[in-house]
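Written below as structure tokens is the structure these notes are about.
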Amino acid sequence: MNTLPQLDPARLSLGLAALLFAIGVAGVLFRRNAIVLFMCIELMLNAVNLAFVALSRSIDISGQVFVFFVMTVAAAEAAVGLALVIAIFRHAETVDMKHFTLLRW
Amino acid sequence: MEHQFEPTLLWAIALLPLLGFIGNGITAFIAPGRKVIPTLLGPGVVGLAFVIAGLNFLGLRGAELHEPIVQSYWQWMPVGSLSIDAAFQLDQLSLLMALVVTGVGFLIHVFSVGYMHDDAGYARYFSYLNLFVFFMVVLVLGASYPVMFVGWEGVGLCSYLLIGFWFRDREKADAGKKAFIVNRIGDFGFLVAMLLLFSNLGALDFATVFAAAPAAFPYGGAVVTALTLFLFLGATGKSAQIPLYIWLPDAMAGPTPVSALIHAATMVTAGVYMVARSSVLFALAPVSMIVVAGVGAFTALFAATIGLIQYDIKKVLAYSTVSQLGYMLIGVGTGAYAAGIFHLMTHAFFKALLFLGSGAVIHAMHHAYHATHSHEDAQDMRNMGGLRHYLPKTWIFMWIATLAIAGVWPFAGFFSKDEIIWQAAARAVGPFANWFRVYWLLALAAAMLTAFYMTRLMIMTFHGTNRTGEQERRHLHEAPAVMWVPLAVLAGLSVVGGWLNVPQAIKELPVLGWIPSTEWVHEWLHPQLVAADEIIATHVGEATHQAPLGGGEAFWALLSFALATAVILASAAWLRRRRVLPARDSAEPRGFASVLYHKWYVDEIYDLIVVRPVLAVSRFCWRIIDQGLIDGVVNGAGFSARAFGWVGAQLQTGQLNTYAFAAVLGVLLLLGFVIF
């Protein structure tokens, strides 16, 4: 009776996660502001978290446990990363990543 | 009175000059201006070495010594089955050579004190000269071919250092290089001969080689002929024979005492000594003997013709030396080893005297021109003339040496040179008799030329009117005592040196035979040469007592004495009437004289057929092979690596987004593989 596909919450959640992840990837690929890059990385991590949670209903609880680990790592990463961004800004008065190519040959 | 003979301090004969070299060398580095240490140390160590050699001589004279005494000091090269010791060998031949080297060397060292006194490189000069004596002693005392080779190379090095002593002058430095490079060709021959000896006999020390050679090599065999010819190639280099004689006249660029010591009295005789030392090997190879004597005879005549027309006083003496070395090689080549060594010895006396005398002349001329700031050539005989009024002592000594070299009785050359000429005739027996007859005629002709060019040198230098110049004449003066006393000693030796070996045939003559002596050199060297003599006597035959054109030894000795005297008197009379112009007013010689003046254009011919092709090949190797091919490959490898790296480096932009894009692309690809 439903011509529309069943709006299964799990499938919706996975689709949203994929969309968020793609937005994050696109941001990392095309933006150069370090803060924006960070936000995009967080977006990807959270998209993964969403996928974990969505899938944990049909598989087992370990997905949800993993989410906590990811959040912890993300928090630590954000702390270190933002500190780096601040240091970079103090050094170069900019956070535009196109100026930071010192490590190439 | 046979008793056991023990050598006295044999090692010290070599060690003392080495200490002198070290002492003078240190002085040259630390205090080059100090003259006291080199003055005492330089001649002193050589004099002491001579005293020690003399002590050994006195000891050996009373003893019967048939086998050489070999003193081994340490094991030098133990290689597989070959063991070479650093060993010296004392026997009659090596001791005679050591006496000549240290004795004449000492006199020349003393002369140098005066001659080099004002030179800035005084200490350096004496250190080189001492080093030379050291290597020369090693050469003559060495008990094996390799030890001899050490001395052989060492004297070559010292020759190079001393020819180029005034190395700031390009021409003199080049002369040193020429001597060194030409000698390398000869050294190659020596090395090949040593390798041949080792591969055939397995040993290189004299005692073993000479004992084993007659059994190991068949008479006239190919191996021993090749071996001796290679040895002789070495001798032509060191003893300045055709085709390698060209370095010796140029070697006159060095200080004159050096010319006397190295390029007349001692080093250049090394080749003659080596042939005499290897007498057993050469006796086994008749073809080599023909070659040795032939090269000697031809060189004797060839060099004498060049000497006829040279104007540089030292050049005349240089070609005279080449010519006299030719005589020595006729001697050792015909099997008359003792005669060759005898002439080596007397030649050391009178040629050292001639060179030192010319040094005294040049010294005076140089001072005269120096005092007036003239740039005339102090060595050109056209600028001399009449010097007997200014250098009376030198004049007398030089005449003694001239009579000695021309072969006038009773001077040394009469006995030694005429004996060689006679031996060439007397040994004209066996299958190669005709060769020796030709050599005999060549040697006779060269003897006439010798008398002429030496008379010419004396007349142009000391007689006639002085051509030095009005201003300069007042500055001409006799050499100081430190220079003329060695000349006097050498003059004495040039007179009596020949009496050591008066042939029996001459002793029987009424007036000429009063000299109280016997064939001493022959008897003295006999133990060392008996083996070779026996081989020659067995295979070739005993020497005759009849010259090819009839007449015995005494007849020909008298004839050559008469001829030499006649040539001297006639040329003196002729030359004294000729007017000689100073060098700057003279024209180039014309016609055949020009060919002789330019030394038969040998240097030019060598330049064309040897030097230029070598340069062309070298340039080809340099430009095409080295710079083109080898450098091309190496540079190409480097360039391709760089190019590859450049391409890779372009991927590294340093832009975070690019890397992220690459990572995402990779993940997507992997994902694609996993899923599909």
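Descriptive notes on the structure:
- Within segment B:110-122, tally of residues that are over 19 Å from B:Thr394 (Cβ atoms) and under 21 Å from the mean Cα position of the chain (by Cα): 0
- Residue list for segment B:462-480, restricted to those being polar (S, T, N, Q) and either in a loop (DSSP other than H, G, I, E, B) or not assigned by TED's automatic domain parsing to the domain that holds B:Gly385 (or both): B:Thr465, B:Asn466, B:Thr468
- Residue in segment B:130-146 that is buried (at least 19 other Cβ atoms within 10 Å of the Cβ), assigned to a loop (DSSP other than H, G, I, E, B) and not β-branched (Val, Ile, Thr) present: yes
- Scan of segment B:12-43 for residues that are in contact with a Gly (Cβ under 7 Å, 6 or more places away or on another chain) and more than 20 Å from B:Asp118 (Cα to Cα), ordered by number: B:Gly20
- Within segment B:401-422, if we keep just the residues that are buried (at least 22 other Cβ atoms within 10 Å of the Cβ) and under 14 Å from B:Thr455 (Cα atoms), the residue that is modelled with the lowest pLDDT turns out to be B:Gly407.
- Whichever residue in segment B:442-490 is of a type in the set (Gly, Ala, Ser) and modelled with pLDDT under 90 and, among such residues, is surrounded by the most Cβ atoms within 10 Å (Cβ to Cβ): B:Ala479
- Residue match in segment B:664-672 (condition: of a type outside the set (A, V, I, L, M, F, W, C), more than 14 Å from chain A (Cβ to nearest Cβ) and either part of a helix (DSSP H, G or I) or out of contact with any helix residue (DSSP H, G or I) (no Cβ under 8 Å at 6 or more places or on another chain) (or both)): yes
- B:Met381, sole failed condition from (1) in contact with a strand residue (DSSP E or B) (Cβ under 8 Å, 6 or more places away or on another chain); (2) hydrophobic (A, V, I, L, M, F, W, C); (3) outside the structural domain of B:Ala447 (by TED's automatic domain parsing): (3)
- Residue in segment B:462-476 that is within 27 Å of the chain's Cα centre (by Cα) and among the hydrophobic types (A, V, I, L, M, F, W, C) present: no
- B:Pro214 vs. criteria part of a loop (DSSP other than H, G, I, E, B) and not hydroxyl-bearing (Ser, Thr, Tyr): no
- All positions within segment B:621-663 that are assigned to a helix (DSSP H, G or I) and in contact with a Lys or Arg (Cβ under 9 Å, 6 or more places away or on another chain): B:Ala649, B:Leu656, B:Asn657
- Residues in segment B:630-663 that are aliphatic (A, V, I, L, M), surrounded by 10 or more Cβ atoms within 10 Å (Cβ to Cβ) and within 13 Å of chain A (Cβ to nearest Cβ): 6 in all.
- Count - residues of segment A:87-105 that are assigned to a helix (DSSP H, G or I), away from chain B (no Cβ under 13 Å) and surrounded by 12 or more Cβ atoms within 10 Å (Cβ to Cβ): 1
- Here B:Asp377 meets the list (1) modelled with pLDDT of 90 or more; (2) in contact with an Asp or Glu (Cβ under 8 Å, 6 or more places away or on another chain); (3) under 25 Å from B:Leu457 (Cα atoms) almost entirely, failing just condition (1).
- Meets criteria (exposed (fewer than 13 other Cβ atoms within 10 Å of the Cβ) and modelled with pLDDT of 90 or more) for A:Phe52: no
- Every pair of residues 6+ apart whose Cβ atoms lie under 8 Å, when the first sits in segment B:413-429 and is more than 10 Å from B:Ala336 (Cα to Cα) and part of a loop (DSSP other than H, G, I, E, B) while the second is among the polar types (S, T, N, Q) and at pLDDT 85 or above: B:Ala428/B:Asn434
- Residues in segment B:521-554 that are surrounded by fewer than 15 Cβ atoms within 10 Å (Cβ to Cβ), within 30 Å of B:Pro510 (Cβ to Cβ) and hydrophobic (A, V, I, L, M, F, W, C): B:Leu549 only.
- Scanning segment A:23-70 for residues that are within 14 Å of chain B (Cβ to nearest Cβ) and outside any helix (DSSP H, G or I) yields a count of 3.
- Checked against (1) of a type in the set (Lys, Arg); (2) surrounded by 24 or more Cβ atoms within 10 Å (Cβ to Cβ); (3) free of Cβ contacts under 8 Å to residues at least 24 places away in the same chain, B:Arg168 passes all but condition (2).
- Selected residue (only one of A:Ile61, A:Ile41 is of a type in the set (A, V, I, L, M, F, W, C), free of Cβ contacts under 8 Å to residues at least 60 places away in the same chain and under 30 Å from B:Gly654 (Cβ atoms)): A:Ile41
Yes/no per residue for (1) farther than 22 Å from B:Arg427 by Cβ; (2) in a loop (DSSP other than H, G, I, E, B); (3) free of Cβ contacts under 8 Å to residues at least 60 places away in the same chain; (4) under 33 Å from the mean Cα position of the chain (by Cα):
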residue	(1), (2), (3), (4)
B:Glu534	no, no, yes, yes
B:Gly550	no, yes, yes, no
B:Ala554	no, no, yes, yes
B:Ser560	no, no, no, yes
B:Val567	yes, no, no, yes
B:Leu575	yes, no, no, yes
B:Val580	yes, yes, no, yes
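- Looking across segment B:593-622, just one residue is of a type in the set (Phe, Trp, Tyr), farther than 18 Å from B:Pro243 by Cα and within 29 Å of the chain's Cα centre (by Cα), and that is B:Tyr597.
- Among the candidates B:Ala226, B:Ala211, B:Ala179, B:Ala240, residue that is out of contact with any Leu (no Cβ under 6 Å at 6 or more places or on another chain) and either in contact (Cβ under 8 Å) with a residue 60 or more places away in the chain or among the hydroxyl-bearing types (Ser, Thr, Tyr) (or both): B:Ala179
- Criterion violated by B:His347 - all others in (1) over 26 Å from the mean Cα position of the chain (by Cα); (2) within 14 Å of B:Gly497 (Cα to Cα); (3) of a type outside the set (Lys, Arg) satisfied: (1)
- Of all the criteria given as (1) farther than 21 Å from B:Leu96 by Cα; (2) touching a residue at least 40 places away in the same chain (Cβ under 8 Å), the one not satisfied by B:Leu139 is (1).
- Being at pLDDT 90 or above, over 24 Å from the mean Cα position of the chain (by Cα) and of a type in the set (A, V, I, L, M) is a property that B:Ile396 has.
- Of the residues making up segment B:45-84, those that are in a helix (DSSP H, G or I) and buried (at least 19 other Cβ atoms within 10 Å of the Cβ) are B:Val45, B:Val46, B:Leu48, B:Ala49, B:Phe50, B:Ile52, B:Ala53, B:Asn56, B:Leu60.
The values are calculated or read from the model by the stated rules, or taken from the named source; none is laboratory data. As the structure is a prediction and not an experimental result, all values here were calculated from the model. Positions of Cβ are generated from backbone atoms using ideal geometry, with glycine treated the same way; all protein chains shown enter the neighbour counts.
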